[in-house]
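Everything on this sheet refers to the single structure shown next.
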Ligand code: NAD
């Protein structure tokens, strides 16, 4: 009953359009497909598989992430709306159980008739999408072997790289990475590639990851330093790049930061919208996550839905830097935080204005 009350609160306070809910009895998993907005086109967003503390937490995560996709798609200039799906599992599934769940989940997505398109997110892979595609056409990011565009992570990393250069140009007067220190928090699919790109460009890299082995291996390869995860926030650097989980920037953590710029790939980095104001008050330039981390979408959606070639994708990734520069100027002109300026840009696009 308590959980039901939480469900009511989450849905009741959400301004999204629709949530499809299924309980998958064979795997004891909950499926939530959250459609936040179809104002600009069909809703699109990744599918996250995760073990949550409670079923309501899973629903909350899905609804929040779906709202983030609406603004991300709007700023990216795509004719897609925002959505996200969550598979709340009792344990990360493998083998036949996983295949069974993805098959049934694919049927749920297909039942929406193209209102919702999906791709990879945390703990889901192009192989899962290949399986889904047998029952449902509404997927992006199948494996290359199956005719899809494959892993988005390296392209997300390239977009973040361009965004970091634009952020440095605004905060410190030059986009150059030589002599700058960047702390990359989380060196998975996006963070590891980002660290490589930054190292190639001459930055000094600090790495932190919950997997000490992963951090040590990459640090050795790049000649980077390793920071313990619990010291990531207060470690002095020019750029703090959150590339692990969301919600790391809050009223409690922002006072501990010792950096000039926050720019990373993690979704929903701010615990609340007011945290963008807190960063601004501390003189830290915040590159809004949903602008910075759109590179994977440019790649998967651009190649698979819009017929882009690699050169077109590359131009879009570089454009992330230009969009950020525009947002930074708007924030200065209007005396608002960069987070609010990015939100205003998204809202103007949603309302059919140019910005
Ligand atoms: P990933 O799972 O491949 O890597 C995440 C890494 O972060 C792992 O190595 C993990 O051990 C580490 N980690 C987790 N919590 C940590 C913590 N508290 N401190 C330090 N390290 C921690 O994920 P990814 O695909 O690289 O995505 C990273 C972030 O970027 C996620 O928030 C994701 O939602 C977001 N994002 C990813 C893409 C993409 O194309 N993959 C696109 C947009 C946004």
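Flag not set for residue 197, criterion: part of a loop (DSSP other than H, G, I, E, B), at pLDDT 95 or above and within 24 Å of residue 325 (Cβ to Cβ). Is one or more of the residues making up segment 122-138 surrounded by fewer than 17 Cβ atoms within 10 Å (Cβ to Cβ), touching a helix residue (DSSP H, G or I) at 6+ places or on another chain (Cβ under 7 Å) and either assigned to a helix (DSSP H, G or I) or free of Cβ contacts under 8 Å to residues at least 40 places away in the same chain (or both)? Within segment 122-138, one or more residues are surrounded by fewer than 17 Cβ atoms within 10 Å (Cβ to Cβ), touching a helix residue (DSSP H, G or I) at 6+ places or on another chain (Cβ under 7 Å) and either assigned to a helix (DSSP H, G or I) or free of Cβ contacts under 8 Å to residues at least 40 places away in the same chain (or both).
Each residue in segment 139-157 was checked for being within 16 Å of the ligand (Cβ to nearest atom), part of a loop (DSSP other than H, G, I, E, B) and out of contact with any strand residue (DSSP E or B) (no Cβ under 7 Å at 6 or more places or on another chain), and 6 pass.
Condition check ((1) crowded, with 18+ Cβ neighbours inside 10 Å; (2) touching a helix residue (DSSP H, G or I) at 6+ places or on another chain (Cβ under 9 Å); (3) under 22 Å from residue 323 (Cβ atoms); (4) modelled with pLDDT under 95) across all residues:
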{"position": "5", "(1), (2), (3), (4)": "no, yes, no, yes"}
{"position": "11", "(1), (2), (3), (4)": "no, yes, no, yes"}
{"position": "19", "(1), (2), (3), (4)": "yes, yes, no, no"}
{"position": "34", "(1), (2), (3), (4)": "yes, yes, no, no"}
{"position": "49", "(1), (2), (3), (4)": "yes, yes, no, no"}
{"position": "59", "(1), (2), (3), (4)": "yes, yes, no, no"}
{"position": "85", "(1), (2), (3), (4)": "yes, yes, no, no"}
{"position": "91", "(1), (2), (3), (4)": "no, no, no, no"}
{"position": "94", "(1), (2), (3), (4)": "no, no, no, no"}
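The residue list 208, 272, 235 contains one member that is modelled with pLDDT of 95 or more and more than 8 Å from the ligand (Cβ to nearest atom), which is 235.
Restricting attention to segment 71-81 and to residues that are in contact (Cβ under 8 Å) with a residue 60 or more places away in the chain and on the phi < 0 side of the Ramachandran plot, the residue that is surrounded by the most Cβ atoms within 10 Å (Cβ to Cβ) turns out to be 73. Is at least one residue of segment 297-313 under 20 Å from residue 240 (Cα atoms) and surrounded by 13 or more Cβ atoms within 10 Å (Cβ to Cβ)? No, the conditions are met nowhere in segment 297-313. Residue 324 - would you say it is over 20 Å from residue 187 (Cβ atoms) and surrounded by fewer than 23 Cβ atoms within 10 Å (Cβ to Cβ)? In short, no.
The values are calculated or read from the model by the stated rules, or taken from the named source; none is laboratory data. Model, not experiment: these values are computed from the prediction. Every residue, glycine among them, receives a Cβ derived from its backbone with ideal geometry; neighbour counts consider all protein chains shown.
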